[in-house]
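The values are calculated or read from the model by the stated rules, or taken from the named source; none is laboratory data. Because the structure is predicted, anything quoted here is derived from the model rather than measured. Positions of Cβ are backbone-derived with ideal geometry, glycine not excepted, and every protein chain shown enters the neighbour counts. Please note that ligands, DNA and RNA were not included when accessible areas were found on the heavy atoms of the full protein model with its side chains. Shrake-Rupley method; radii C 1.70, N 1.55, O 1.52, S 1.80 Å.
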Amino acid sequence: MDKTTKGDENKMTLNQLRYVVEAASSGSITEAAQRLFITQPSLTAAIHALEEELGITIFRRTNKGITLTVKGEEFLAYARQMLEQEAMIRERYGKKRAKKQLFCVSSQHYSFAVEAFVDLLREYRGKEYEFHMRETETYKILEDVGGLRSEVGVLYLNPANETIVRRAILDHGLRFTPLYRAEPHVFISKKNSLAKKEAIRLEDLADYPRLSYEQGSHNAFYYAEEIQSTLPVRKDIIVTDRATLFNLLIGLDGYTISSGIINEELNGEEIIARPLLVDDFMEIGYLTHAHIKLSRYAGRYIEKLCERIGSAVHDDGRQAR
């Protein structure tokens, strides 16, 4: 906790703002204290003193950790803005080393989301930063952006999931902005016998193992990353990461159904996409908090995301994932 002189006990400090931001990001006082290199009692006392001074409750304490209250979410938005302004002042005028810049994205397993993240990092010239790129479960994306652990989330809507997912979006205080309507594609290995086809029908897939991403405790079909997830199949393989999925596509002649956008640098040259002949689509877009002003990094990331999707869609008529 900051050292104060008499009469200063009730003055909010930048360190207290940093403590709140770190605690909200961690979801745990213990983990936040470790990352801040202070003791847990000191962190708890600092946050409690801030809550007392402001007359609000920022965090709700539970046996599983901490969560933000409604007032806490509002306060966190202001705290982040103040810390960002401080960092900008230090970068321009300060002689001391600027503080680390923080930015987080949570996304379904899309290579264009990773590419946009790389583009942002290449543009950013800060000497120190801590940027997070979380490829994660669909419901976790909603929780991350709703809990302000990430500023931007990337996922899709379609007729099968829209009612349920839009309700969850509203419940988490979020806003969905569409970017691109993608037609369904099948991802397969170049060596797969289906690679000879210009387009694939559902019945063509019957003998091949289907690969999909695990959705944890919310493994209902409307949170699936793959459209047509309710299609009954004889062979099902569930994975947690993109590298494993693509390795199994090649090694086991498996397939997955997605938007069709492929990046050879990230996904390799062995994976190709073929149109799937079904009456369906994916409305790919991004999530932001409905009541929080985005940081400059979030704004630039969204611009990079739009650029990457636009480039992929117009590249030889291909769509990508």
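A cut-off of 5 Å between modelled amide H atoms, ignoring neighbours fewer than 5 places along the same chain, links VAL154 with SER106, SER107, GLN108, LEU287.
In loop segments of the stretch 179-230 as defined by DSSP, the trypsin sites (Lys or Arg not before Pro) with at most 15 further C-beta atoms inside 10 Å of their C-beta are LYS190, LYS191, LYS197, ARG201.
Of the options [x] 143; [y] 125; [z] 206, only one is volume of the Cα convex hull per residue in Å³ as computed from these coordinates, and that is [x]. Here is how the number arises for the chain: DSSP H runs of 4 or more residues each give -39500 (n - 2.57), the sum is divided by the residue count, and the result at 222 nm is -12000 deg cm²/dmol. Which of the GluC sites (Glu not before Pro) found in the stretch 96-194 are in a DSSP loop and have at most 14 neighbouring Cβ atoms, other than their own, within 10 Å? Those that pass, being in a loop and sparsely packed, are GLU128. Spin-label model, ASN15 to VAL70: label points 7 Å out along the Cα-to-beta-carbon direction sit 3.4 nm apart. Helix 111-123 versus the longest principal axis of the chain: what is the Cα-based angle in degrees, 0 to 90, to the nearest 10? Once rounded, the angle reads 40 degrees.
With springs only between Cα atoms under 10 Å, which of LEU276, LEU179, LEU231 fluctuates most in a Gaussian network model of the chain? Most flexible of the set in this elastic network: LEU231. Amide H contacts of LEU174: ALA290, each under 5 Å away and 5 or more positions distant or on a separate chain (H built 1.01 Å from N in the peptide plane; Pro and chain starts excluded). Compute the acute angle (0 to 90°) between the alpha-carbon long axis of helix 70-93 and the principal axis of greatest extent of the alpha-carbon atoms of the chain; round to the nearest 10°. Relative to the chain, helix 70-93 is tipped by roughly 80 degrees. If you take every DSSP beta bridge whose two residues both sit in the chain, what share of them, in percent to the nearest 5, is antiparallel? Of those bridges, close to 60 percent are antiparallel.
Taking label positions 7 Å along the Cα-Cβ direction at both HIS48 and SER28, the computed distance is 2.1 nm, reported to one decimal. Taken per residue, the accessible surface of the chain reaches 52 Å², heavy atoms only and a 1.4 Å probe.
With a cut-off of 12 Å on the backbone N, the residues of the stretch 243-258 near the modelled label site 7 Å out from ALA195 along Cα-Cβ are 250-251, 253-254.
Share of the chain's accessible area from carbon and sulfur, percent, 1.4 Å? Walk me through the intermediate numbers first.
Working: 8270 of 16650 Å².
Of the solvent-accessible surface of the chain, carbon and sulfur hold 50 percent.
If both residues of a DSSP beta bridge must be in the stretch 170-308, then about 75% of such bridges are antiparallel. Shape class of the stretch 16-169 from the Cα gyration tensor (axes a ≥ b ≥ c, square roots of the eigenvalues): oblate, since a/c reaches 1.5 or more and a/b does not exceed b/c. Sites listed here are GluC sites (Glu not before Pro) in the stretch 167-221 whose DSSP assignment is loop and whose Cβ has at most 16 other Cβ atoms within 10 Å: GLU198, GLU214.
For GLN40 and ARG90, what does the FRET efficiency come to when R0 = 30 Å and r is the distance between their Cβ atoms, rounded to the nearest 0.05? Efficiency for this residue pair is about 0.60.
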